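What follows is calculated from the coordinates using simple rules that are stated; it is not laboratory data. Computed from a predicted structure; not experimentally measured. Because the Cβ atoms are built from the backbone with ideal geometry, glycine has one as well, and the counts that use them run over all protein chains shown.
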Ligand code: UDP
Ligand code: MG
C-alpha cells in the first residue's frame, strides 16, 4: 500500500492524539484506560497521547483520571472550570491535541478502542477523515434509534454541508482537517456538522455500537432535542425559507378564495356564512405566524450568542504524564 505524505504538524513527535471527553465517569475511567492500553499495545511504533477532558464532573472523575497510568501513551488531563457540555469538551481536546492524527472517543466504551489500529491504517493509506458508522446501536431504546435514524436523514436533507448518516463524533481526523476545524470559532458547536465541514478525503468503517459498560447516558430527551435543533439552525437556513414558502402559499390561496367569495356574492347574491370559518382561519393563521416568529427567534438567539463572543470553554488545571518514566509535571 502506498503511504501518502501528510502536511507537517505542530509537533512531529506525536502520531496520534486520542481525545476523551469525560463527565461523571469515575467508575468507567479505569476500565476504559485498561481497554485503551490493550488496543494501543498493538501500536508500539507510534507515539500516542491520550487527552482526557474533565467536563466539570460532580463526582471524582478528575482524581480518577489524574491517577491513570498507561504504558503505551502519554496522558494529558485537562480540567474545565465547569460543565460546558460534550461539544465544548471535545473542542478543548482538539485545541490541545498535538498529534498528526486525532481520534475522538467516548469514555464509556461505546466507541470501541479496539478499532483504533484499523482507523490508523486507513489514515496511513492517505484518508484525512475516517468516519465510524454505526451499523447497529445495542442497548438503546427503539424510540432513540428510530428518532436518530430520521434525524440524521432530515439534517442531511436540510444542511448545506454534506453530513454522514449514522456517524457520531467517533472519527479520525488528520492534522490538516484539525487545523481547519480550529478556524471555526462559532459558539453554537454542533460537532457532527463542524467535523464534516472541512471535507477532504473521507472513508467510512462500519461497526456495531455496543452498550455503555457502566454509568448512564448523560443526555435527557430534551437535551437531545435541543442538540438536534442546534444542529439544524447551525447548518441550515432552510427553516427560514420554509416559513416564507408557507406564507406565500397561504396568501396566494387566500387571494383566490377571496375572488371566489366576491363572485359568489355578486352573481348569486349569497351572503358569506360567518363565524366558524372566520374563527378557523384566524386561529390557523395566528399559529402559522407564531411558528414563523419562533423560527426567526431561534436564529436571532444564535446571532446574539455569537456576537457576545464568549470563550467556548475555560481550563482550570492541566496535568501531564509521560508514558515510560512516569514523570509528572503540573502546571496551569
Ligand atoms: N460527556 C461530556 N460532557 C457532558 C455530557 C457527556 O463530556 O456534558 C461525555 C461523557 O462522559 C461520554 C461522552 O460524552 O464520554 C458521551 O456521553 P454519553 O455516553 O452520555 O452519550 P450517549 O452515548 O448516550 O449518546
Ligand atoms: Mg455513551
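Overview of results
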| item | result |
| --- | --- |
| Cα-based convex hull volume of region 130-202 per residue, rounded to whole Å³ | 103 |
| Distance between modelled label sites at residue 13 and residue 261, nm, 7 Å Cα→Cβ extension | 7.7 |
| Tilt relative to the chain, helix 238-268 - C-alpha long axis, 0 to 90 degrees, to 10 | 10 |
| R0 of 56 Å, Cβ-Cβ distance residue 204-residue 268: FRET efficiency to nearest 0.05 | 0.30 |
| q = 0.11, 0.14, 0.18, 0.19 Å⁻¹: log10 I(q)/I(0) that the Debye formula gives for region 184-304, counting C-alpha atoms only | -0.67, -0.86, -1.11, -1.17 |
| Stretchable slack from residue 67 to residue 216, in nm (0.36 nm times residue separation minus alpha-carbon distance) | 51.4 nm |
| Zero-based 20 Å bins, Cα pair distances in the chain, whole percents | 27, 49, 15, 8, 1 |
| Gain in span if fully extended, residue 314 to residue 296, counting 0.36 nm per residue against the direct Cα distance | 3.4 nm |
| Region 159-252 - Rg and Dmax from Cα coordinates, angstrom | 17.0, 57 |
| Helix-only mean residue ellipticity at 222 nm for the chain, each DSSP H run of n ≥ 4 adding -39500 (n - 2.57), per residue, nearest 500 | -14500 deg cm²/dmol |
